[in-house]
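The block underneath contains the structure these notes are about, expressed in structure tokens.
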Amino acid sequence: MTDRMFARLRPDELDELADASYRRRRSQDLARAFGSTRARRPAPRRPLFLLATGAVAAAAAGAVVVATGVLSGTPTGTAPPVAAETSSAPRSTTGGTGASPAARIDARTFLLAAAETALREPAATGDYWYVRQRTTMPTFHWPEEFWAGVRKLQRQEQAEIDRTGAEDDELVAINEKYNKKLADLRESIYPDGPPYRAYVVETEERWRPKRQGGTHRVKTRDREVRFPTPQDEATWKEHGSPKLVEKKAGSVDDDLPRPLSIPNMDITMRNVGDLPTSKKALEARLRKRFAELPDPDKEFDLYLWQTTVDLMTAPTTPGTRAAVFRVLADQPGIVSEGEVEDAAGRTGVGLAVKSDDGYRFRLVVAEDTAELLEYTVSEQGEDVSRVTFEESGWTDELGKRPRG
């Protein structure tokens, strides 16, 4: 898995990629992006994971237990997954013996019901939007040969940026080009992936200011390395027990402007409350933005999937949240997995979609509130990343959690 994957999986680093001022200090950004030890396989085409929505932090009870190489919860029912249909008439299944009621509802039916639930949630506001998340992502230690190649790519990319004066979408296109080169470099060293698996697990809290120029804060804690199996840990020790996690500041403040969604960089804390509340208007806006993206391999379904994650963890209005669910309900290929349990032990409905290259993306949505509880990315039946959204809401004081 390449740096492209992890850049797309880390909300904090993606925020910085989106800042115009930070983009002009691209060499520092590259050092942070390329400096990540995380990688496993060449990067597939996939949605930009969680992006700038980021930041929900995890309750102590939400610690992810990494066992037997599986990070995701499992369906509680026995009914087979049911794909969403594009017809206006929803389809239901009877489910197998012992199947939960959620397992007997197809994805389209659930998404339309979630839209109605979202509309009933009260609107709120405040000075800071707070999110807390518990994140599990792969980590690995790379040899000096790899870092020498990385430094060379850094110099080449920086030279191209300086020569062209690229900004915004042009800069994204250049970054995509060098991400592909980085993927080739990684595969040349470990064609079948690193010899062992390890994960960094951490809790992150984030406060986003509503007013322009306000202080943005990220607080990280409970950071540790975990191995999915004893054999993985034994192999790591055989390789000299290399360091797998970097030191990270416990709390960082800044006042940089940040979008709420990298594929929709015009959505910010100032205008997120003004997004369309009708399905037709919201879909038209999203399709227009999608058409403007520079990625030649872009796929609308994956773009929409990521945008859903971004908007479900941002301070969108109840009407916009409902519109998001209704747009999703019309998309083919979405599968209902019935009731599943997230890393915090909460029950929700699993909704999954697969990319052409075999990756599976799953949302866990609460039935009673239509809140996004968790997002996972998996390959060949093994979860390679998980983000559990533990709490979100408005607060009027920086550093404080929402009341109630």
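The values are calculated or read from the model by the stated rules, or taken from the named source; none is laboratory data. As the structure is a prediction and not an experimental result, all values here were calculated from the model. Methodologically, a virtual Cβ is constructed for each residue, glycine included, from the backbone with ideal geometry; neighbour enumeration extends over all protein chains shown.
Observations, loosely collected:
- Restricting the stretch 208-244 to residues that are closer than 16 Å to Thr135 by Cα and in contact with a Lys or Arg (Cβ under 6 Å, 6 or more places away or on another chain), the residue that is surrounded by the most Cβ atoms within 10 Å (Cβ to Cβ) is Val218.
- Every residue from the stretch 370-395 that is on the phi > 0 side of the Ramachandran plot and either in a strand (DSSP E or B) or under 12 Å from the mean Cα position of the chain (by Cα) (or both): Gly393
- Tabulated pairs, the stretch 392-404, first closer than 23 Å to Thr369 by Cα, second surrounded by 15 or more Cβ atoms within 10 Å (Cβ to Cβ) and of a type in the set (S, T, N, Q), C-beta under 6 angstrom, 6+ apart or interchain: Pro402/Thr395
- Filtered residues of the stretch 154-172 (kept if of a type outside the set (Val, Ile, Thr), at pLDDT 85 or above and closer than 18 Å to Pro294 by Cα): Glu157, Glu160, Gly165
- Odd one out for Val225 among (1) in contact (Cβ under 8 Å) with a residue 40 or more places away in the chain; (2) assigned to a loop (DSSP other than H, G, I, E, B): (2)
- Residue in the stretch 135-155 that is within 30 Å of Thr395 (Cβ to Cβ), touching a residue at least 60 places away in the same chain (Cβ under 8 Å) and in contact with a Ser or Thr (Cβ under 7 Å, 6 or more places away or on another chain) present: yes
- The residues listed here are Thr317, Thr347, Thr313; of these, the one that is surrounded by fewer than 22 Cβ atoms within 10 Å (Cβ to Cβ), at pLDDT 95 or above and under 24 Å from Val201 (Cα atoms) is Thr347.
- Ser278 vs. criteria closer than 30 Å to Gln331 by Cα and either among the β-branched types (Val, Ile, Thr) or in contact (Cβ under 8 Å) with a residue 12 or more places away in the chain (or both): yes
- Qualifying residue in the stretch 228-239 (condition: at pLDDT 95 or above and assigned to a loop (DSSP other than H, G, I, E, B)): no
- Qualifying positions in the stretch 195-207 - surrounded by 17 or more Cβ atoms within 10 Å (Cβ to Cβ), of a type outside the set (A, V, I, L, M, F, W, C) and either in contact with a helix residue (DSSP H, G or I) (Cβ under 9 Å, 6 or more places away or on another chain) or more than 19 Å from Asp254 (Cβ to Cβ) (or both): Tyr196, Arg197, Tyr199, Glu202, Thr203, Glu204, Arg206
- Selection count where residues are surrounded by 12 or more Cβ atoms within 10 Å (Cβ to Cβ) and among the small types (Gly, Ala, Ser), scope the stretch 245-273: 2
- Set Arg217, Arg258: member being part of a loop (DSSP other than H, G, I, E, B), closer than 28 Å to Thr316 by Cβ and touching a residue at least 24 places away in the same chain (Cβ under 8 Å): Arg258
- Of all residues in the stretch 356-369, those satisfying the criterion of being under 20 Å from the mean Cα position of the chain (by Cα) and either under 22 Å from Val272 (Cα atoms) or in a loop (DSSP other than H, G, I, E, B) (or both) are Asp356, Asp357, Gly358, Leu363, Val365, Ala366.
- Qualifying position, being in contact with a helix residue (DSSP H, G or I) (Cβ under 9 Å, 6 or more places away or on another chain) and basic (Lys, Arg), among Lys280, Lys247, Lys243: Lys280
- The stretch 168-194, subset in contact (Cβ under 8 Å) with a residue 60 or more places away in the chain and in a loop (DSSP other than H, G, I, E, B), residue surrounded by the most Cβ atoms within 10 Å (Cβ to Cβ): Pro194
- For Gly338, the requirement of being in contact with a strand residue (DSSP E or B) (Cβ under 6 Å, 6 or more places away or on another chain), surrounded by fewer than 17 Cβ atoms within 10 Å (Cβ to Cβ), among the small types (Gly, Ala, Ser) and over 25 Å from Tyr128 (Cβ atoms) is not met.
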